[in-house]
Every structure is written in structure tokens, then in C-alpha cells.
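*Asks:* Sharing a structure below in C-alpha cells format, with a few things to ask.
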Amino acid sequence: MATQQKILLLDDDEQMLDLYKELLGQIPSQPEVRVCSSGARAIAMLESEPFNLLITDLRMPKMDGLQVLSIVRRKYPQLRLVVLTSVVDEEYRSRAYAQGVELFWQKPANSEEVKMFQDCVESLLGRDTQGQEGFRGVQNKSLVDLIQLECLSRSSAVLRITQGSLEGKIWVHEGDIIDSTTGALGGEAGFREILSWKGGNFEILPADPDRPRTIMNSYQGLLLDTAQAMDEAQGMEDAAKANDAANAAAGVPSSGSRLAPLAKFEGVEFVFVLPEDDKVGVDSWGLSNAEAVTKWAREAGSGLIELGANIQAGQLLQATGTGLQRHWSLAPRVGKGLLCVGFRRVLSSDQVQQTMKLMTSKWAS
């Protein structure tokens, strides 16, 4: 039998406590809802018994909600945090998210908003926090969760997401996603790329009401399209693993090969080497449709080398191309074969060329 979830509700308004205790008790998981009217009392209760979720107001006497959040986040890092307030202020919102809140919600004004709030709380209680990757700033949440919460609360803000040296921005206006950018990608393509990131840093910047709208799809449609694309990508990854198993059975090198270190370079989707002797097996990492790709790469490499000889351009050192689905680069080396790399579209052409030079140097050494 599942353990009953426990919510601690903090507000200095006794009537609000009674109202939201009743509303939260109605959600499907039927959590136990405890209440308190001061920050000091809330911290004392958290010290005496475990809770799954803390919901707090911001403006309270003696110890305000931000002070409570700061203390609680340090002492109870796995506790989920929600702000429920009548304060409509971007600075408060940003400071609250910086404390790691899961959700910043203006107190509902009608039954529809109450239902959305109940659904969000139910969703938070229903997810296991163990083993999840997430974004710093909102504990253990995927980026899809974060965007859903922003849109459901009808927020206007700019979401800035970073993963290593990659940076993306998503513009939200009154709950609608109107634009996104990352690297050379923008609009829906940029949005899909950003949502493929599994971790990083997340922060909320002030709204930009003058940002031109490039995304006309609803946020639900965007998330659905992105989920389908991610499922397809997962299918390719599963196919690659199955291909590795088949290769291992046949004695062919797989994605656990010596090429795996090259995959650590930023933006790399797959790597493989075509040996000079076409009777020798192909060494690969992350490659799913190996037969078709290696055939294309061998023909492309041979054609480029022949073209270089015909126009007396000298030895081919590297060739790079950009595409709608991914970028690619080829680099032949005498005695080593042909190094072939697929890159994610988020990288610019210059980034692909520079990364390929580094990868070729490491591979050929």
C-alpha cells in the first residue's frame, strides 16, 4: 500500500489555511494536509516529522516566505517547495525560483484556476524524485515540467537554460510560448533542441513583451511534438544498442569501442571510422543505421578525394556539411581510414569545423 503523502501549508491568514486545507484534501492522492501560521512554527514541524511538500505564502510577519525557503532548502534539499501568494512581482518570483521552488503560483481567483492548482500539486506529489536528472534552480524537475508549470500559471518571462557552454532562451508571454533560440536555431527548432537537454542551469529573467512571435503552435502542441521527437530519438538509441549487441555477437567493434572518448566532444551524435580496407569491420559509437550511413560516407569520401585530385587542390584534410537534421564532417588520414562524425544542429558551422579538428587530432595521435 502506498504511503500517504504529507503537505505542510504555511500562511498567516487563518481563513486561507482552512480554505486550502480543504481544497488540497480533495485531490486524488488525498494527502494529509497540516497547517501552520508562522515560519518558525513551520520549521519546527519540519524538524519533528517528514513532509513531501511545503506550500508557503511570501508576505508574513517576523519571518517571511523567502526566509523560510532559504532555511528549508539548505536543511531539507529533497523537500518539494511551492509558493502560493497574492504578490505579483517578478523580483519575488525570481528570488523564489532561485531558492529552488517547484512552482510559483498566484492565489487562484476562480474555480478553473483552483482546479489547475490542484492538478499541479497532484502532479508534484505523484513523481518520484529518486534518480531523476534535473535543472539547478528547480529541484529534480525536467525542463518539460518547468515549462508546463510556467504556461499553466499564465506567466510572462524569459527562461534561460544553459548546459555546459550551450545556452538557450524561451520566451513566454501570458502562458504562451512565442519564441526560442539556441545557437543557430530559433523558433520551434530551437525549442525542440533545448528540450532535448537533460540537465543544466535554469533561471527566470524578466519578461520581454516586445519579442516578435515566431512560434504559433500552442504550448501543448509544442510539448507533444517534442515528446514524439524524443521518442524517435530514443528509438534510434535503442536500435544502436541492439546493433551493438549484434555486432558483438559477430565479432564487430561496437559503441563501446575506442572511439567512445571522441563522443565526449560537445554536440557529437555519432562517430565511426571507415578503414582503408573495406573488408575490415567498421568501428563505431552511437550509430544506428550503420549500413546506409557507412555506404554514404565511403562514397562521399572517395568522391571528395577524387575531386581534390582533379582540381589539384592537394590532400583532403577535412570536409564539413550542414543539414536539416544534423551536421557532418569527414576527415581521411593515411593508414588510419576515414573519420566520420555526426553533429547536433545546435552547433554552428564554425563550431563543427573547430570541434572536428580537435577530434581528428585526438583520433590520429
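The values are calculated or read from the model by the stated rules, or taken from the named source; none is laboratory data. Note that the structure is predicted; figures quoted are calculated from it, not measured. Quick reminder, even Gly has a Cβ in these numbers, built from the backbone with ideal geometry, and neighbours come from all protein chains shown.
*Asks:* Determine the pairs where a residue that is in contact (Cβ under 8 Å) with a residue 60 or more places away in the chain, located within the stretch 271-295, has a partner that is surrounded by fewer than 18 Cβ atoms within 10 Å (Cβ to Cβ) and of a type in the set (Lys, Arg) with Cβ atoms under 6 Å apart, the partner being 6 or more residues away or on another chain.
*Replies:* That search, which allows pairs on different chains as well, returns LEU274/ARG298.
*Asks:* So for the stretch 273-285 (the condition being small (Gly, Ala, Ser), within 30 Å of THR182 (Cα to Cα) and not in a loop (DSSP other than H, G, I, E, B)), does at least one residue qualify?
*Replies:* Yes: the stretch 273-285 contains one or more residues that are small (Gly, Ala, Ser), within 30 Å of THR182 (Cα to Cα) and not in a loop (DSSP other than H, G, I, E, B).
*Asks:* How many of the residues in the stretch 65-117 are buried (at least 16 other Cβ atoms within 10 Å of the Cβ), assigned to a loop (DSSP other than H, G, I, E, B) and not small (Gly, Ala, Ser)?
*Replies:* Here the count works out to 8.
*Asks:* Would you mind stating whether ASP225 is at pLDDT 70 or above, under 19 Å from ARG326 (Cα atoms) and not assigned by TED's automatic domain parsing to the domain that holds HIS327?
*Replies:* Against the criterion (at pLDDT 70 or above, under 19 Å from ARG326 (Cα atoms) and not assigned by TED's automatic domain parsing to the domain that holds HIS327), ASP225 qualifies.
*Asks:* Okay, moving on. Output the qualifying pairs, or none if there are none: Cβ atoms under 6 angstrom, residues six or more apart or on different chains, first residue in the stretch 164-176 and under 10 Å from PHE191 (Cα atoms), second residue polar (S, T, N, Q).
*Replies:* As it stands, the answer is GLY168/THR182; LYS169/THR181; ILE170/SER180, since those pairs meet every condition given.
*Asks:* Out of GLU91, GLU102, GLU113, I need the residue that is in contact with a Leu (Cβ under 6 Å, 6 or more places away or on another chain) and acidic (Asp, Glu). Which one?
*Replies:* GLU102
Results for (1) at pLDDT below 80; (2) surrounded by 18 or more Cβ atoms within 10 Å (Cβ to Cβ); (3) on the phi < 0 side of the Ramachandran plot; (4) assigned to a loop (DSSP other than H, G, I, E, B), shown as yes or no for each residue.
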{"position": "ASP145", "(1), (2), (3), (4)": "yes, yes, yes, no"}
{"position": "GLU167", "(1), (2), (3), (4)": "no, no, yes, no"}
{"position": "ALA233", "(1), (2), (3), (4)": "yes, no, yes, no"}
{"position": "SER254", "(1), (2), (3), (4)": "yes, yes, yes, yes"}
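*Asks:* Related question: Among the strands (runs of 3 or more DSSP E) confined wholly to the stretch 294-365, which include 2 or more residues that are surrounded by 21 or more Cβ atoms within 10 Å (Cβ to Cβ)?
*Replies:* Answer list for the stretch 294-365: 327-333, 337-343.
*Asks:* Still on this structure, I have one more. Answer yes if at least one residue in the stretch 126-138 is at pLDDT below 80, in contact with a Lys or Arg (Cβ under 8 Å, 6 or more places away or on another chain) and under 17 Å from ILE7 (Cβ atoms), and no otherwise.
*Replies:* The answer is yes, given that some residue of the stretch 126-138 is at pLDDT below 80, in contact with a Lys or Arg (Cβ under 8 Å, 6 or more places away or on another chain) and under 17 Å from ILE7 (Cβ atoms).
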